[in-house]
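Accompanying notes for the structure given below.
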Amino acid sequence: MTYQPKGVCSQKIDFDIVDGKVTNVTFLGGCNGNTQGVSRLVEGMDVNDAISRLEGIQCGFKGTSCPDQLAQALKSAIA
C-alpha cells in the first residue's frame, strides 16, 4: 500500500499488512536514520499495536511526525 503523508518531510510511505502484521515499511524522504529505525521496529508487529505505539508522536511543533503518519496510514489501510 502507498500513503501520502501530510505535514512531514517524508513524501511517501509504502507498506504491507500480511495476516495482521506490518511488513515492508519504507519512507521516501524524511530523516533517513529515523525512518529506517521506525521501519525496522514495526516489522512483523501487529498492526493495531503499531498504531497504538506510533499515533500521536509529534516532531517539533508540526503536530504530527513520520511515525504518526505511519499510524494514520495503517489506520486507513484497515478501515
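The values are calculated or read from the model by the stated rules, or taken from the named source; none is laboratory data. If you're wondering where the values come from, they're calculated on a predicted model, not measured in any experiment. Every residue, glycine as well, gets a Cβ built from its backbone with ideal geometry; the counts of neighbours run over all protein chains shown. Accessible surface areas use protein heavy atoms only, side chains included; no ligands, DNA or RNA. Shrake-Rupley method; radii C 1.70, N 1.55, O 1.52, S 1.80 Å.
Residues in the stretch 17-31 that are open to solvent by less than 60 Å² (accessible area, probe 1.4 Å) and in a strand (DSSP E or B) were compared, and the one that is nearest to Arg53 (Cα to Cα) is Val22.
I'm trying to understand the selection: among the residues of the stretch 60-74, which are assigned to a loop (DSSP other than H, G, I, E, B) and in contact (Cβ under 8 Å) with a residue 40 or more places away in the chain?
Here is the first cut: in the stretch 60-74, the ones assigned to a loop (DSSP other than H, G, I, E, B) are 60-65.
Answer for the stretch 60-74, where residues must be assigned to a loop (DSSP other than H, G, I, E, B) and in contact (Cβ under 8 Å) with a residue 40 or more places away in the chain: Lys62, Gly63, Thr64, Ser65.
State yes or no: is Gly60 at pLDDT below 95 and small (Gly, Ala, Ser)? Spelling it out, Gly60 is indeed at pLDDT below 95 and small (Gly, Ala, Ser).
The residue that is most open to solvent (accessible area, probe 1.4 Å), counting only those in the stretch 32-59 that are more than 16 Å from Ser76 (Cα to Cα), of a type outside the set (S, T, N, Q) and not in a helix (DSSP H, G or I), is Glu43.
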